[in-house]
Amino acid sequence: MQKYIDEAESVLLHTYNRYPIVFDHGDGVYLYDIEGKKYLDFVAGISVFAFGYNNKEYNDALKNQIDKIIHTSNYYYNVPAIEAAKKLTKVAQMERVFFTNSGAEAVEGAIKAARKYAYLKDGSTDHEIIAMEHSFHGRTMGALSVTGNPKYREAFGPGIGNIKFAVMNDLESVKAQITDKTCAIMFETIQGEGGIHPATEEFLRGVRKICDEKDILLILDEIQCGMGRSGYMFAWQKYNVKPDIMTVAKALGCGIPIGAFLLTERVAQKSLVAGDHGTTYGGNPLATAAADKVLELFEETNIIENVKEVGAYLYEELDKLAASNENIVAHRGQGLIQGLEFNQPVGDIINKALAKGLVLINAGTHIIRFVPALIVTKEDIDEMISILRTCL
Ligand SMILES: *Cc1c(COP(=O)(O)O)cnc(C)c1O
């Protein structure tokens, strides 16, 4: 592997401190490196491979689509996009969707849609968006501007203007940032990168109420916590506090790059129109064939029931682990998006786990996040916990 690693470091822009592994292929919840070593994977490409690696039905759907057509311009219709849109709007309980190539682009579209909605009301171009501290919405300039981590933003200023930050789960801090210019309040229903912090029911309801009273749009970013991972198709459905705009990506394509932003009909009628937004690749037949198959697998399997059941089991097991280790200071999350917070950086633990054939990932320096494929079993969890124990 070292030969490849050296080559990679001589040509790829060094924007990642990568772990010294070259993966070759995957099967179910297992990954294999190019030297044949097997790893139990609790990362799933960061919340992406919902149905595990090498799912035959999914692979066949892609192969079939490749032999038909991979790309057409968005100036024409294509059947996979229509099928995927019907399924996604149904499970999202929202009426309109725009397909993008990534999560960050979905966030860009959500911001544009919210600004356009406000612009059509009063014609002014200085509307404000309230985002949350410790949030993560992506690396493009707009998405970065609403990302509540100064470390990611600092060198790249100025970002897009008129962004304010409030404290997640602190309604008063949101109220303190509201002005006549506020057009949207946005947050992740469960903060992922920021350390697995779920929005409380009270916070969700409180923000929704403010939005309704002042005609402000609620944007929920479900890119990481959505698509069944929380034990609900979308995490807000646990409390039925519906956003006006929602962003989705990661598991939507299960590895094929595709994201989406969705709008309710009410907002869509007063927002982006022809000419306002576009993308060359977004929603192309190959990407939407992937999303369509993924959504079909959600319809046809009881995967969300599995998430609820094994998620509860993971919760119990991580609780036990936390109780037995004084360096673990908190345990948060639900379903198959959970995190253990340590009183020290977790890099060493993750390296030890990798050496022992377990793939884990951090969320911030002190938190190990658990976002395995949604098909993971209790036996896989037992195996993960027993390896992790030996690394602590
Ligand atoms: C990963 C992520 C993004 C960015 O998605 P990309 O596909 O990497 O651009 C945005 N929001 C959340 C919550 C994410 O987890």
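Only the coordinates and a few stated rules stand behind these numbers; no lab work does. If you're wondering where the values come from, they're calculated on a predicted model, not measured in any experiment. Virtual Cβ from ideal backbone geometry, glycine too; neighbours counted across all protein chains shown.
Of note:
- Cβ-Cβ under 6 Å pairs, at least 6 apart or on other chains, region 97-113 side more than 12 Å from the ligand (Cβ to nearest atom), far side hydrophobic (A, V, I, L, M, F, W, C) and assigned to a helix (DSSP H, G or I): Val97/Ala85; Val97/Leu88
One line per residue, one yes/no per condition, for (1) within 14 Å of the chain's Cα centre (by Cα); (2) touching a residue at least 12 places away in the same chain (Cβ under 8 Å); (3) under 21 Å from Thr301 (Cα atoms):
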{"site": "Met227", "(1), (2), (3)": "yes, yes, yes"}
{"site": "Ser230", "(1), (2), (3)": "yes, yes, yes"}
{"site": "Lys242", "(1), (2), (3)": "no, yes, no"}
{"site": "Ile245", "(1), (2), (3)": "no, yes, no"}
{"site": "Pro257", "(1), (2), (3)": "yes, yes, no"}
{"site": "Tyr281", "(1), (2), (3)": "no, yes, no"}
{"site": "Leu286", "(1), (2), (3)": "no, yes, no"}
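- Test: residue in region 253-263 that is in contact with a helix residue (DSSP H, G or I) (Cβ under 6 Å, 6 or more places away or on another chain) and within 25 Å of Val310 (Cα to Cα): yes
- Residues of region 75-118 satisfying the condition of being farther than 19 Å from Ala289 by Cβ and in a strand (DSSP E or B): Arg96
- Enumeration of residues in region 329-356 that are touching a residue at least 40 places away in the same chain (Cβ under 8 Å) and within 24 Å of Ala199 (Cβ to Cβ): Arg332, Gly333, Gln334, Gly335, Leu336, Ile337, Gln338, Gly339, Glu341
- Within region 119-136, the only residue that satisfies the criterion of being at positive phi and either within 14 Å of the ligand (Cβ to nearest atom) or crowded, with 22+ Cβ neighbours inside 10 Å (or both) is His134.
- Among the residues of region 137-179, the ones that are in a loop (DSSP other than H, G, I, E, B), within 11 Å of the ligand (Cβ to nearest atom) and touching a Phe, Trp or Tyr at 6+ places or on another chain (Cβ under 8 Å) come to 2 in all.
- Checking each residue in region 241-278 for being in contact with a Gly (Cβ under 9 Å, 6 or more places away or on another chain), part of a loop (DSSP other than H, G, I, E, B) and either buried (at least 24 other Cβ atoms within 10 Å of the Cβ) or among the β-branched types (Val, Ile, Thr) (or both) picks out Ala249, Gly253, Cys254, Ile258.
- Residue that is nearest to the ligand (Cβ to nearest atom) [pool: residues in region 241-267 that are basic (Lys, Arg) and touching a strand residue (DSSP E or B) at 6+ places or on another chain (Cβ under 9 Å)]: Lys250
- In region 219-240, the residue that is nearest to the ligand (Cβ to nearest atom) out of those that are outside any loop (DSSP other than H, G, I, E, B) and surrounded by 24 or more Cβ atoms within 10 Å (Cβ to Cβ) is Asp221.
- Identity of the residue in region 185-214, of a type in the set (S, T, N, Q) and within 15 Å of the ligand (Cβ to nearest atom), that ends up surrounded by the fewest Cβ atoms within 10 Å (Cβ to Cβ): Thr189
- Only one of Tyr39, Tyr16, Tyr58 that is more than 16 Å from the ligand (Cβ to nearest atom) and either without any contact (Cβ under 8 Å) to a residue 24 or more places away in the chain or within 18 Å of Val371 (Cβ to Cβ) (or both): Tyr39
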